[in-house]
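A.B. asks: Next up is a structure, given as structure tokens.
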């Protein structure tokens, strides 16, 4: 017979054995993921993650550098979210390496607001509730935190807009020296924030492409210290934008939306959504990928046009052909003629069963004012996603009963002259 | 002997009785609070809350309207927070009346960021992570939601800055018509956002005071419909700004900070903090009020100067007397010469055992750039709170071991010309 004193010990031992067995079963069911590496998707070349790098060792046939991605990560489950952290670092377990000292300014955790729009309900993700008032901070906080951990002390970015402001801001917060290159034609207004954060601003003669080329050439300058940490190039930036997917999933009670409509420049939110939602699939948290819709201005739509070609679609907007005149669109933030990851973006959208919308300037103007009159004051650059919503609804590609998210990337405060011109107000 | 079928019922009945007893005990311990009313603090006149009103029935000796406050509310305890709501409406139980349909754009829930500053750690509350990129949205969401519930359909505000943008934005979101009055000298840039939201902008000849007088006179215009819903006048606005106190308490793990340093114009954050923290005392959630520190530019410091007089303090900055030249300070957002609730602000600060700091333009410039170089891009208007932190630390009024919060009310993006001038950049 058992003595009364032994009974609790026996129960405790049985419980401990049960727990060990459950842990062992989980370990067997989910084998340890291989270590994450940089990967050049076209050749499959891989590089270990412990040193800082922004491109492959080999060049393309024109002698130009080739961008990198990261190998697939396993994703995280809901219990791995650090619920007490009020920033996107709550998803730190999903990042490719642990980060002891993140450079964080409370970025992410932006609201998802459900509002009625033309008979449907749209979930607007308001990304300007962020340190530098644009979505770029998601990418920058992760990119600069991990680069600093890899030993980088001086960062180089080419951008005259939201990307430059964001990199300058986080470099200041993280004690890194920042150099921002911008075309000589950039207005002084646009460089004020970068200069205030202490960044060195270098104005480059010629086109936007000339600035990009100058930045690529300047990598390693200053005695090897200057590191090219471009928001368009570095794969760590996408590790930050992928938190958009994690956040939407958490916002929607740990479910995926049906559709995500994304204003697209270089495509970091398209790829961020793809990476994030695929990780959630891999982790077993969602059972289907949302459809991703890429939106670009008709006047500068390299990715959207390529997607339409890939899908054999014709939006009837292409006469006369005007898709390569970036200087003419008011959607400045998305007027990028040579996106570094064009092919990856096309693949991401097609794989998700999504499609592309090319928005005219008129549609964009109307959408900008329509949003403002609902209380959402945004740059025309992101209001184009609302214009696309109308078209997708009208053509039956999405339905009003579905859960549709529209990403609003930046505030109208950054585009006062454009808003004034839409309203006919003389400045 | 009990039958097996009866046992679960008996247990359930006992549990229910225990629950009823606990509820009854709680009801006895916390008597039902009297209904909340408008109150005119000087005469004690009260008015019921079921109709919209913005001032007392009687006038002051100069025939001018008198502002109202609300009678004390009991405050809420932590279990009354609606934890799943990602906006300040998570504290809706603390508001003076239930609101069936809040006009909400995900305002509040801003980050509190702890950063090292001159050997101490400061908790920066970043209030520009809000719909219109300033703290004003806290007050506006509550004011317009409750006014709409009271039957108001057209609102009138006088402001050319953050207040006007916020009221125009929320009026649009709530389907209210907004009229914003601003001095004729207001630059076109400043009215763009209001116009985009569909507000009627009326430019009034003369001084800022002339605009305020015109707005007061226009209340009831348009067939009685136009309601004066000024962020400086309406007591519901303070019901919104009081959520700053609730949020700081929640941010800090349900404790109060030792000190809160507040850039002060009309004082809605000073009074909001007083109301909120006093409610938390009343509800038994905190045991001591934080000390409130009011900061104003030396060139326009009616409240700070009055506090220093009340406390018999002399900051040695008053020779020659320059405290009444609002047009000369770069802290535009706080240059209000005749704050509607001056006496209430003085009382709030003194009661909290706080004090006042008057900041020179030089101190403000340096603090603005110091913050930017830490990654915090703010208007000089709110950077003055960081300048005050230095002075309070140097004079021993606060200690580096204490938990000090600095409120940063708005983004530097709204003050590009001022930042450019600080940096010596020609626009």
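A.B. asks: Tell me which residues, restricted to the stretch B:102-133, are more than 10 Å from every other protein chain (Cβ to nearest Cβ) and within 18 Å of residue B:168 (Cα to Cα).
C.D. replies: Answer for the stretch B:102-133, where residues must be more than 10 Å from every other protein chain (Cβ to nearest Cβ) and within 18 Å of residue B:168 (Cα to Cα): just B:102.
A.B. asks: In the stretch B:331-369, what residues are within 14 Å of chain A (Cβ to nearest Cβ), touching a residue at least 24 places away in the same chain (Cβ under 8 Å) and either on the phi > 0 side of the Ramachandran plot or surrounded by fewer than 23 Cβ atoms within 10 Å (Cβ to Cβ) (or both)?
C.D. replies: Correct list: B:365, B:369.
A.B. asks: OK, next. With the requirement that a residue be modelled with pLDDT of 95 or more, surrounded by fewer than 24 Cβ atoms within 10 Å (Cβ to Cβ) and outside any helix (DSSP H, G or I), what does the stretch A:270-304 give you?
C.D. replies: A:283, A:284, A:285, A:286, A:287, A:288, A:289, A:291
A.B. asks: Sticking with this structure for a sec: Give all pairs with beta carbons closer than 7 Å in which a residue from the stretch B:178-198 that is at positive phi meets a residue that is in a helix (DSSP H, G or I); count only pairs at least 6 apart in sequence or on separate chains.
C.D. replies: B:198/B:172
A.B. asks: Which of the residues belonging to the stretch B:149-189 are touching a helix residue (DSSP H, G or I) at 6+ places or on another chain (Cβ under 8 Å), surrounded by fewer than 20 Cβ atoms within 10 Å (Cβ to Cβ) and facing chain A (nearest Cβ under 9 Å)?
C.D. replies: Answer for the stretch B:149-189, where residues must be touching a helix residue (DSSP H, G or I) at 6+ places or on another chain (Cβ under 8 Å), surrounded by fewer than 20 Cβ atoms within 10 Å (Cβ to Cβ) and facing chain A (nearest Cβ under 9 Å): B:188, B:189.
A.B. asks: Next question, about the same structure. Looking at this structure, is residue A:73 away from chain B (no Cβ under 14 Å) and in a loop (DSSP other than H, G, I, E, B)?
C.D. replies: Values: away from chain B (no Cβ under 14 Å): yes; in a loop (DSSP other than H, G, I, E, B): yes.
So residue A:73 fits the description; yes.
A.B. asks: Which ones in the stretch A:114-125 are closer than 18 Å to residue B:87 by Cα and free of Cβ contacts under 8 Å to residues at least 24 places away in the same chain?
C.D. replies: If the condition is that a residue be closer than 18 Å to residue B:87 by Cα and free of Cβ contacts under 8 Å to residues at least 24 places away in the same chain, then A:114 is the only one that fits.
A.B. asks: If a residue has to be surrounded by fewer than 21 Cβ atoms within 10 Å (Cβ to Cβ) and over 18 Å from the mean Cα position of the chain (by Cα) to count, how many in the stretch B:227-262 make the cut?
C.D. replies: Counting residues in the stretch B:227-262 that are surrounded by fewer than 21 Cβ atoms within 10 Å (Cβ to Cβ) and over 18 Å from the mean Cα position of the chain (by Cα) gives 5.
A.B. asks: Quickly run through the stretch A:85-105 and pick out the residues that are surrounded by fewer than 23 Cβ atoms within 10 Å (Cβ to Cβ) and either in contact with a strand residue (DSSP E or B) (Cβ under 7 Å, 6 or more places away or on another chain) or without any contact (Cβ under 8 Å) to a residue 12 or more places away in the chain (or both).
C.D. replies: Those that are surrounded by fewer than 23 Cβ atoms within 10 Å (Cβ to Cβ) and either in contact with a strand residue (DSSP E or B) (Cβ under 7 Å, 6 or more places away or on another chain) or without any contact (Cβ under 8 Å) to a residue 12 or more places away in the chain (or both): A:85, A:92, A:96, A:98.
A.B. asks: Is it the case, given these coordinates, that residue A:416 is within 14 Å of chain B (Cβ to nearest Cβ) and in a helix (DSSP H, G or I)?
C.D. replies: Values: within 14 Å of chain B (Cβ to nearest Cβ): yes; in a helix (DSSP H, G or I): yes.
It is true that residue A:416 is within 14 Å of chain B (Cβ to nearest Cβ) and in a helix (DSSP H, G or I).
The values are calculated or read from the model by the stated rules, or taken from the named source; none is laboratory data. Computed from a prediction, not measured in an experiment: that's the story for all the values here. A quick note on method: Cβ atoms are made from the backbone with ideal geometry, for glycine too, and the neighbour counts reach across all protein chains shown.
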